[in-house]
Amino acid sequence: MAATMKKSVAVEDVNVTFEDQQKINKFARNTNRMTELKEEIEAKKKSLQNLEDASDDLMMCEDDDLLIPYQIGDVFISHSQEETQEMLEAAKESLKEEIKSLQSRVSSIQEVLGDLKVQLYAKFGNNINLEADES
């Protein structure tokens with residue numbers, strides 16, 4: 001009796017077509033790309049926080065005649081406090097724009113993933129797991 005119950009609960013045999021495999025591959029590629037973009041966003045947010053901290057420290061500086069070294073590439077160039085503050089603000093704005101752009105790319109990938117999930121779950125049901133492991 002237990003054997004007959006197991007047969008009724010057995011996994012349905014679903015044929016995977018070439019188009020289905022393409023959708024699964026596209027889902028995997030987009031998931032990986034989204035993970036990479038999120039890591040890049042976090043790195044840029046950390047850099048932005050560092051620039052904001054540097055800007056705050058620079059505002060506390062009382063000596064207006066002090067030349068402040070500012071790194072451009074591999075070289076440090078000394079600038080006045082005002083010039084350095086302007087350069088920091090420009091760098092912060094640039095990073096904010098990059099973060100905004102990356103976040104919009106993540107949003108568009110999430111839309112694609114949502115559509116693919118609907119299509120793949122509709123065909124395969126519980127036979128496919130498209131949820132990310134939160135480990």
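Assorted remarks:
- If the condition is being under 30 Å from THR17 (Cβ atoms), at pLDDT 90 or above and of a type in the set (A, V, I, L, M), then region 77-135 contributes VAL106, ILE109, VAL112, LEU113, LEU116, VAL118, LEU120, ALA122.
- Against the numbered list (1) on the phi > 0 side of the Ramachandran plot; (2) touching a residue at least 24 places away in the same chain (Cβ under 8 Å), GLN85 comes up short only at (1).
- Close contacts from region 42-65, counting a first residue that is more than 18 Å from SER80 (Cβ to Cβ) and a second that is of a type in the set (Asp, Glu), with Cβ to Cβ under 7 Å and a gap of 6+ residues or different chains, come to LYS44/GLU98.
- Residue ID - farthest from LYS44 (Cα to Cα), chosen from residues in region 76-135 that are surrounded by 12 or more Cβ atoms within 10 Å (Cβ to Cβ) and of a type in the set (Phe, Trp, Tyr): PHE124
- Check on ASN30, within 19 Å of LEU130 (Cα to Cα), at pLDDT 95 or above, surrounded by fewer than 12 Cβ atoms within 10 Å (Cβ to Cβ) and within 31 Å of the chain's Cα centre (by Cα): no
The values are calculated or read from the model by the stated rules, or taken from the named source; none is laboratory data. Because the structure is a prediction, the values reported are computed rather than measured. Reconstructed Cβ throughout: ideal geometry from the backbone, glycine too, with neighbour counts over all protein chains shown.
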